[in-house]
1. Can you spot a residue in the range 68-89 that is of a type outside the set (Lys, Arg), more than 27 Å from Asn19 (Cα to Cα) and open to solvent by 20 Å² or more (accessible area, probe 1.4 Å)?
2. Go through (1) within 21 Å of Ile35 (Cα to Cα); (2) surrounded by fewer than 22 Cβ atoms within 10 Å (Cβ to Cβ) and name the single condition Leu135 misses.
3. Mind listing whichever residues of the range 77-117 are of a type in the set (Ser, Thr, Tyr) and within 10 Å of the chain's Cα centre (by Cα)?
4. What do you reckon, is Pro180 surrounded by fewer than 14 Cβ atoms within 10 Å (Cβ to Cβ) and of a type outside the set (Ser, Thr, Tyr)?
5. Could you name every one of the helices (runs of 4 or more DSSP H) located completely within the range 191-256 that has at least 1 residues being more than 30 Å from Gly276 (Cβ to Cβ) and at pLDDT 95 or above?
6. For the range 258-288, what are the residues that are under 21 Å from Asp142 (Cα atoms), in a helix (DSSP H, G or I), touching a residue at least 40 places away in the same chain (Cβ under 8 Å) and open to solvent by 10 Å² or more (accessible area, probe 1.4 Å)?
7. Would you point out the residue of the range 94-123, among those that are in contact with a Leu (Cβ under 6 Å, 6 or more places away or on another chain) and of a type in the set (Gly, Ala, Ser), that is surrounded by the fewest Cβ atoms within 10 Å (Cβ to Cβ)?
Amino acid sequence: MPATSLLYPFLAILLWAGNVIVSKMAASAISPTAITFYRLILALALLSPFVLRQLIRNWANVRPHLGKMFVSGLLAMAVFQSFSYRAAETTTATNMAIVTALIPMLTAILSVVMLGEVLTVGMAVGGTLSFAGLLYLVGKGDPATIAGSSLHMGDVLMLLSATSYALYSVLLRKWRLSIPAWQSVYMQAVAALIIMLPMFIMLPQGAANLDAQTLPLIAYAGIGSSVLLSFFWILGVKHLGPNRCSIFINLLPVLTALMAITWLGEEMHAYHVIGGSLSLVGVLLVQTVHRPLFSPQRRLNG
């Protein structure tokens, strides 16, 4: 395995971290619905010259899967993205990245429920540890205060966003669509655009302005996050496999925190380090400890 192959998932996560920062910057500049809608238009405009012709030729194979790609676009591009932008209004970029990094763990847990995969020790221990770390993070070092006013809706929205993407990942594994990756991404973007269109039309005046402040944010979201990130991630999965690539998601909170401190002036607190570390250790346990929690004999006796 060439060492340069490691660059692909790293660059994808670097772009992902940048997108979290852009989400935070966009929170005060443009509606979450608007930036989600605009980034989809830009991404489709960029992809069309390279994908559309092959997609039309392959339409007979694509058409039977339109319903599934609609659901995929809803989860991965409409809900995941718009919830992330909305979350940025009431939580920090660092919190957003830490919650997003839980996606591999959430995917593993949903795989047990939906695909019948074996529950492992790593899932049980790691899931508990990650949840404890998340409570510590959201509670700013005192989980008991979550029942009070200290709970930010942004953290809840980020958890829903991450769960949406985890569900999308599980459904992809369940369906195993025999469609080229870029054609699938393109159709998901089309589906998400259709879903976002009614909400975009209903936006109040001034919520979707295109100006010197919003255009660079949309450009990054459409080019960096929607196209280049997908490109590098697909290459990473091709050279390293999905399991190795997913480990790189653990870098997301670190890279995002560095960017947030440098560009947004966010402060790093002890609860970020402690809660984030607990959550990431839990994710690593889920990814690396695969011994079944219950042996076949114990399950038979039970």
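The values are calculated or read from the model by the stated rules, or taken from the named source; none is laboratory data. All figures in this text were calculated on a predicted structure; none of them were measured in a lab. Heads up, the Cβs are rebuilt from the backbone with ideal geometry, glycines too, and the neighbour counts pull from every protein chain shown. The area values use the complete protein model at the heavy-atom level, side chains included, leaving out ligands, DNA and RNA. Shrake-Rupley method; radii C 1.70, N 1.55, O 1.52, S 1.80 Å.
1. The answer is no; no qualifying residue exists.
2. (1)
3. Across the range 77-117, the qualifying residues are Ser84, Thr100.
4. no
5. Those helices (runs of 4 or more DSSP H) span 214-219.
6. Residues satisfying the conditions are Ala270, Tyr271, His272, Ile274, Ser277, Leu278, Leu280, Val281.
7. Among residues in the range 94-123 that are in contact with a Leu (Cβ under 6 Å, 6 or more places away or on another chain) and of a type in the set (Gly, Ala, Ser), the one surrounded by the fewest Cβ atoms within 10 Å (Cβ to Cβ) is Gly122.
Table: residues versus (1) without any contact (Cβ under 8 Å) to a residue 24 or more places away in the chain; (2) aromatic (Phe, Trp, Tyr); (3) closer than 30 Å to Arg176 by Cβ.
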position	(1), (2), (3)
Phe10	no, yes, yes
Trp16	no, yes, yes
Ala27	no, no, no
Ile35	no, no, no
Leu44	no, no, yes
Lys68	no, no, yes
Val71	no, no, yes
